[in-house]
Each structure stands twice: as structure tokens, then as C-alpha cells.
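J.: Before anything else, here's the structure in question.
Read-outs: derived from the displayed coordinates by stated rules, not from any lab. Only a predicted model underlies this, so the values are computations on that prediction, with no experimental measurement involved. Neighbour counts run over all protein chains shown; Cβ positions are idealised from the backbone, glycine included.
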Amino acid sequence: MTPPPIKSGETPRKAPKVPPGVQLSESYGEPQGTGGETHQVAGGGVATLTTQQGIPVADDQNSLKQGARGPILMEDFHYREKIFHFDHERIPERVVHARGYGAHGFFELTESLADVTRADVFQRVGERVPAFVRFSTVAGSKGSFDLARDVRGFAVKLYTNEGNWDLVGNNIPVFFIQDPIKFPDMVHAAKPEPDRAFPQAQTAHDNFWDFISLTPESMHMVMWIMSDRTIPRSYRFMEGFGVHTFRLLDAEGNSTFVKFHWKPQLRLQSVVWNEAVKINGADPDFHRRDLWDAIEGGDFPAWDLGVQLFNQEFADQFDFDVLDPTKIIPEEILPVRTIGRLVLDRVVDNFFAETEQVAFCTQNVPPGIDFSNDPLLQGRNFSYLDTQLKRLGSPNFTHLPINAPRCPMAHFQQDGHMAMRNPKGRVNYEPNSWGPQMGGPREDPLRGFRSFAETNPEPKQRLRPESFADHYSQARQFFISQTPIEQKHIGDALVFELSKVERPDIRIRMLSHLLNIDADLAQTVADGLGAALPQPAQAAMPTRDDLDPSPALSIVENGPQGFAGRKLGILVTDGTDADLFDALTEAVTAAGGVFEVVAPKIGGVTLSDGAALAAKHKIDGGPSVLFDAVAVIPSSEGAQLLAGDGPSRDFVSDAFVHCKFIGLSEGGADLMTAAGLGDKLDEACITLAAPGDAPAFIAACAPLRHWQRELMVDLDAKA
Ligand code: HDD
């Protein structure tokens, strides 16, 4: 007798969601992928193992020895080549943003900017160009964990028809420093302390807060990094920003200032700190796995590209300088105009060849886009090109398929390590008199890149302009733009981080800055640290308290509107109601979400109707922190077993403490009681008495968090 089919323990992979007639990014130009071999041979046979020189290998298990027990012979070229190559496999990790994850996709223009720029990528609505995006954390090493409290890099390479455009941004629209000469100090202070080499991927230590508290210009950024922006739920749910003011230039060279914004179509979502700490243990690859699974499951993440366009006259109305990278222009004052979308629809073939070797350079801008005089941007333009030589070892890093433009290229640059594309022919210089056939490329004053013709009569000097002197007003504006729960999280984060700082004077110095931002915040943090408030820090300019809150800066105000793209964890045991399980998975799938089954054993369970259900996680390896909402539907007997199990009780109590929506069968409610929560159930703990309750539960999950619960369960807040 054939055994009954086993139900899947996770949302079955869909065929990619591709509308008829639409091509995936693979088809947008060449070259693509790794440029490597696939090891497949025509006709489906098995490839013969060879050396790098193509010599077929007979024995890859034993080195060549003189006699059975004799020494290895120098003559063994296969052994020597294999070990030699292995010894050189690693390249230097990025000095910052070492840990990252990338994917391919495309950018499509939805509104033309032809009236303000000649950039080819912004001309024709509906036209697509290939894209590669790498997300990253900043401070941690390549092998660190994904949910460090850290800024996320959001680096986009668009392979336009007129050359590569790299918009190397972050998920935060401002930066710590105004002048790039401070970048090495800032990074040194944030990274592990040099004598002890810890803490890894943390800013919660003396050196970081020492530097920050001596650098008032960082205070706006400090508000952002202490907010939940630095613990995003996934790359798919975070914004990206070009940060600097750039210029767009039309054919006549007229300039329009521009700030670039990426807005996730699934809207904003973060985790809470206690959850982040636990996710790092349960799944250090949480963010990269999320991106991989979403794309492989056909749920392609997408962002709208928005622009804020303005001219000099508009810029002049502000007290702050639009060239200062510690400032934003609030969206409520200058709305963000959506002009295109970025879709990631293809994972890499090989992590090293693509994600590790991709080389972003802020200086890569096509004709029609130009730099402003933001000093940080000017400084970055040197650093990125320079660092690629160190990292990739050759000025020919542009020959790597992931870095090569997809448009025609013609130049006289040649030779160097690993040159793969030296031009043919006799001529390698210009001007030359070899004529159009043999003489090679010529510059084109009309088509070519032209810089904005700026005049600047000022003398050379090393100073910070007065227009960069307001360090606190926008920090305050960010803070007052947050909802109360988000303000509480900022206070909690500051208390957590500063409690790891050993020197009291550094903690006190930070409090003196917070007093210039918001007195209540300063008091909350002082209380949390058990410290008395000092005098406010000496400010170069007084804080403006008349700036209006900007709701666009709040994650909660811009949070999810449904369960699409989110994940439900379903805790089951033997005897779980089969109809309820089916109704839940149907409802979550219909809402555009996915599910994963958590069970006492990885071998799965037998449902009430006798059907076998596979598990995705054993309970110890599938804690509720991995999910956006949970359904706890053990049978009553199953619940009794789970009640005696620590990880099972943690599953429900963590979901509760993290303010998640929880669906409960009768057995689920028993488990809540066993976890000591029986009398605390609230309206976000939803009864799943019958299969018919499932759709309403999934619909109720839309906000994803029941924030009112946090104040009830948070001891710090009660004290
Ligand atoms: Fe940077 C990498 C973003 C300031 C120097 N940076 C790097 C990456 C991102 C950013 C996303 C990773 C790119 C990738 O995935 O490969 N950096 C920023 C933003 C900044 C910023 C948004 C401020 C607005 N950076 C900045 C300054 C300097 C650098 C002021 C130096 C003067 N950044 C680098 C670098 C890195 C880098 C050392 C390391 C690896 C790389 O460039 O390719 O050159």
C-alpha cells in the first residue's frame, strides 16, 4: 500500500510571479552571473575532475608519496596546485560593511525626469536597466550576525546604457560626520577596541560613545541609530537613502539638486531589541536567509525610487546647509516624488563571485547626474576606488562580470594584474592619426560626461562652515516625530548601550548632549543609568524647538498594512486539528504571507485526520522570534507535553513579550497558562476554536504588533 502523502511544513515554493510577457532580470544585457563554469557536460554525463590547467585527475584522495609510508613528493603538481589555491582563497574583507548580501534585479522608470536631466536612465518611462543591490551591516566582520544594532548599507548598482551608476546609500538618510577626514576615527571608534578585539559588531562600548560624545555633529545620526531603524525585520522592509544632495544636469548644464529615496513597497518593519538578541542566536543569517527565501519563493522585493528635487533658492530658505550630510529635508516640506521601481528577482549564482567581488564606487555616475560640494561625498569619491584596489588586487576589477558595464566600452587603459580585456590593434593612445577604422575611440563633447560649471571665488582653507553648526535641532525633530513606543525604544537603546560603557564621564557627557535634544529623553536615560543630570553641553547653536514633527520618520506610522511578505509560525503536535491547520495555511497564503511548521520533532507530526505533516523546525531551533506572528495549535494532549518543555514555554512567552499576534487553539491557551500568561491574554491573543476563525486571525495580524502590551510586561517601564 502506498503511504499517504506528507503535507509540507512550509509554504511550498511558487513559480516566480512573472506577469505574461515580462522577462526576469537575467535577460537584461550581458555579462551576467559569475562568469564561472557550471561543471555540467553536454548530454548529462559527469565531468572529469581536472587541475586548473585542464589536466585530468586520476586520484584526488591521496597525495603522491615515495612508498606507502614515505614523504610527499615535490613532483605532486596536483597536490601543490590545490593547496596553493586554497591558501589564497581569501581576499581582504571590506574595511566597513564587511558583512553583506546581494541580489540581482532591475530598475524601471515610471515617471520621466527628462525635463531636468539628460541621464539616459531617467528618460523613457517603462524602460528597464539591470541592477545589483548589496545590503550590509557596517561595523561587524564578514562572519558576524545579521541583527547587530547597526546602520544597514543599501548599495545599488544600475547598469545603465551610459555606464554604471552606483548609488551607495544607507537605510538612514544622515551620517555621523560632516567631513571625511574624520571617517577613519569614527570607524576605529565603532569597531572592536584594538587591544582586546571586542566587542564584535556592537557600538555598546567605551570607544564608540567616547568619540560620539566628543562629536556633537553626530547627534542627529545617534537618534536614528538608537531607534528601531537599526534592527530591521528584513532588508525587504527598510528604506534606502542616497544621503547626500546630488545634482541632476540637463543638456544645457542647468542644475537641479536631488536627494534619492528607496521606499519598500511592503512598508517599514523592525524587530524589538530583545528579539534581535535572540534572533542572532537562533539564526545569525536571518536577513540573508529572508532575502534568499523571498526571491526563491517568487515573492520579489520591490522599492519605489523617490526624488526630492529643489533649486538653490529653495535651499537658501533653510538655516541648515543642504550640503551638510547630517541634515534631511523633511518630506512634509518637500514631498518625495516616485519616479521608478527597483525589483530584486534573482539570487546570485555564486556568493563570492558576485556579492563579495561587487565593487561600488560613489564616483560612478553617468552623464546627467553630478556631485554636489557635500564634503563627505567628495571624500567618498576617493575612498571607494582606492579600497577596491586593496580588496580586489588589481585596477582591472572592472573586468569582473559583476562590475563590468553592460553598455559598450572603449578606452586605452591596458595591462595590469589579471587583464582580461586588452583592446586589439596597434593603437593605444590618443590623439592619433590612424583614422577612424584603426585609431580607436574619440571623446564626444556632446554625449560625454560634463561636470556642473560651478564658480567658487573663496580661498583655500580648513574650516567648518557656520551653516553646518546646528547639531541638535534635527535630532530633536527626529525624536518628536516618533510615536510614544518608538520614543521609549530610543530611551531603552541609549540606556542599554551606555550601560555597557565603563567610564562614567563618557555616560555623563552623552547625557549633556541629550539635554540639548529633549529634556524628557535625557531624564529617562539618566534614570535608566542611575545617574544625575549634568549641565547641557555647550552648543554651537541653540536647538530650535519650533520644527514640526515629520510623521514620515516613524516606522510605526509607515508600518505594514497586511500580512503580505510576512511569516507565520505554526506550533503543532500530534493530534493537531487538521482542518484548523489547513484553514490557517490557506488564509496566510491568500494574504500573500508564508508559514513554517514548528513541531516537537523534525520528523513532523500526525494530524487529527491521520495525515502526516512535515516540520520545518524542531521547537528548540524554531523559536517564535523567527516569525511575524504565531499560531499555537497543539492538541490538548500535545499541550500537556509541551507544558513541561522550556523552549515550548519560551515560544509563547517570547511571542507575548514581543507584542506579537498569537492565535490559540484550546491546547494553545493551555500552553499560555503553563507559561504563566493565562490571566494576561489580551485582544491580540486570538482564539482559534474552529477553522472558520483562521481568516479573521490572519486579517487581525496586519499591524503585526500589539504595542500596548509592551508597557504591561516591561519591568523597566513599570519601575
Ligand atoms: Fe562608505 C563601503 C555607505 C561614508 C568609505 N559605504 C560602503 C558601503 C556602503 C557605504 C553601503 C558598502 C558597499 C558594498 O556593499 O560593497 N558610506 C556609506 C554612506 C556614507 C558613507 C551612506 C555616508 C553618507 N564611506 C563613507 C566615507 C568614507 C567611506 C565618508 C571614506 C572617506 N565605504 C567606504 C569604503 C568602503 C565603504 C572604505 C568599504 C568597502 C568599500 O568601500 O567598497 O571605501
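J.: Which percent, to the nearest 5, of DSSP beta bridges fully inside the chain are antiparallel?
T.: The antiparallel proportion sits near 75 percent.
J.: Sequence-distant or interchain residues sharing an amide H contact under 5 Å with residue 687, placed H: which?
T.: 664
J.: Quick check on packing: order 147-154, 623-630, 68-75 by the mean number of other C-beta atoms within 10 Å, highest mean leading.
T.: Output ranking for 147-154, 623-630, 68-75: 623-630, 147-154, 68-75.
J.: Can I ask one more? In terms of the Cα gyration tensor, with a ≥ b ≥ c the square roots of its eigenvalues, is the stretch 560-718 rounded because a/c is under 1.5, prolate because a/b exceeds b/c, or oblate?
T.: oblate
J.: Using Cβ contacts closer than 10 Å as the measure, can you line up 510, 712 from fewest to most?
T.: Final ranking by Cβ density, sparse to dense: 712, 510.
J.: Of the DSSP beta bridges with both residues in the stretch 594-719, give the percent that are antiparallel, rounding to the nearest 5. Could the numbers behind the result be given before it?
T.: Values: 3 of 11 bridges.
Bridges in the stretch 594-719 are about 25 percent antiparallel.
J.: With runs of 4+ DSSP H residues as the only contributors, calculate the mean residue ellipticity of the chain at 222 nm using -39,500 (n - 2.57) per run, divided by the residue total and rounded to the nearest 500.
T.: -7500 deg cm²/dmol
J.: At what distance in angstrom do the alpha carbon centres of the stretch 57-136 and the stretch 610-687 lie from each other?
T.: Answer, in whole Å: 42.
J.: Work the Kirkwood hydrodynamic radius out for the stretch 643-703: mean of 1/r over every pair of different alpha-carbon atoms, inverted, in Å.
T.: 11.8 Å
J.: Name the long-range amide H neighbours of residue 7: under 5 Å, sequence gap of 5 or more, or other chain; modelled H, no Pro or chain starts.
T.: 612, 613, 614
J.: Neighbour counts of other C-beta atoms within 10 Å: give me 110, 203, 483 arranged from fewest to most. Don't skip to the answer; put the middle values down first.
T.: Values: 110 12, 203 26, 483 15.
With the fewest neighbours first, 110, 203, 483 line up as 110, 483, 203.
J.: Turning to a different aspect of this structure: Based only on the alpha carbon positions, what is the Kirkwood hydrodynamic radius of the stretch 100-399, in angstrom? Intermediate results must be reported in sequence, preceding the final value.
T.: Numbers: mean 1/r = 0.0502 Å⁻¹.
Evaluated over the stretch 100-399, this radius sits at 19.9 Å.
J.: Show log10 I(q)/I(0) for the stretch 400-554 at q = 0.08, 0.13, 0.19, 0.21 Å⁻¹, two decimals, from a solvent-free Debye sum over equal Cα scatterers.
T.: Normalising to I(0) and taking log10 leaves -0.57, -0.76, -1.21, -1.35.
J.: Taking the highest mean first, how do the peptides 593-606, 237-250 order by number of other beta carbon atoms within 10 angstrom per residue? Intermediate values should be presented prior to the final figure.
T.: On the way: 593-606: 20.1, 237-250: 22.9.
Going by the mean number of other Cβ atoms within 10 Å, highest first, we get 237-250, 593-606.
J.: When the Debye formula is applied to the Cα atoms of the chain, each taken as the same point scatterer, what base-10 log of I(q)/I(0) results at q = 0.08 Å⁻¹?
T.: Values returned for q = 0.08 Å⁻¹ are -0.74.
J.: Using θ = phi - 60° and the Karplus relation 6.51 cos²θ - 1.76 cosθ + 1.60, list the HN-Hα couplings for the stretch 371-382 in order, rounded to whole Hz, with x at every Gly or Pro.
T.: 7, 9, 8, 3, x, 5, 5, 4, x, 5, 4, 6
J.: Setting aside same-chain residues fewer than 8 positions from residue 82, which lysines have a Cα under 18 Å from its Cα?
T.: Excluding near neighbours in sequence, the set is 65.
J.: Could you list, bin by bin from short to long, the percent of Cα-Cα pairs of the stretch 102-141 in 10 Å steps?
T.: Final binned percentages: 27, 34, 24, 13, 1.
J.: Over all distinct alpha-carbon pairs, what is the Kirkwood Rh of the stretch 203-314 in angstrom? Intermediate results must be reported in sequence, preceding the final value.
T.: Numbers: mean 1/r = 0.0583 Å⁻¹.
Here the Kirkwood hydrodynamic radius works out to 17.2 Å.
J.: Let me ask you something else. Kindly write out, for the stretch 126-143 in residue order, the coupling ³J(HN,Hα) from the Karplus curve 6.51 cos²θ - 1.76 cosθ + 1.60 (θ = phi - 60°), rounded to whole Hz, with x marking Gly and Pro.
T.: So the Karplus estimates, Gly and Pro as x, are x, 7, 10, 10, x, 9, 10, 10, 10, 9, 7, 9, 9, 7, x, 6, 4, x Hz.
J.: Which pairs in the list 278/488; 191/567; 182/390; 263/618 are over 28 Å apart, alpha-carbon to alpha-carbon? Mind showing how you got there, number by number?
T.: Details: 278/488 20 Å; 191/567 33 Å; 182/390 21 Å; 263/618 36 Å.
191/567; 263/618, as the Cα separations exceed 28 Å there.
J.: Which order do peptides 417-428, 42-53 fall in by mean Cβ count within 10 Å, highest first? Please list the in-between numbers first.
T.: On the way: 417-428: 11.2, 42-53: 9.0.
Result, highest mean first: 417-428, 42-53.
J.: Let me ask something else. Can you sort 235, 101, 384 by how many other beta carbons sit within 10 Å, fewest first?
T.: 384, 101, 235
J.: Under the √(5λ) rule applied to the eigenvalues of the Cα gyration tensor, what semi-axes describe the equivalent ellipsoid of the stretch 547-623? Give them in Å, descending.
T.: In descending order, the three semi-axes are 35, 15, 8 Å.
J.: Report the relative contact order of the chain, percent, no decimals, based on alpha-carbon pairs under 8 angstrom and at least 6 residues apart.
T.: Worked out over the chain, it gives 14 percent.
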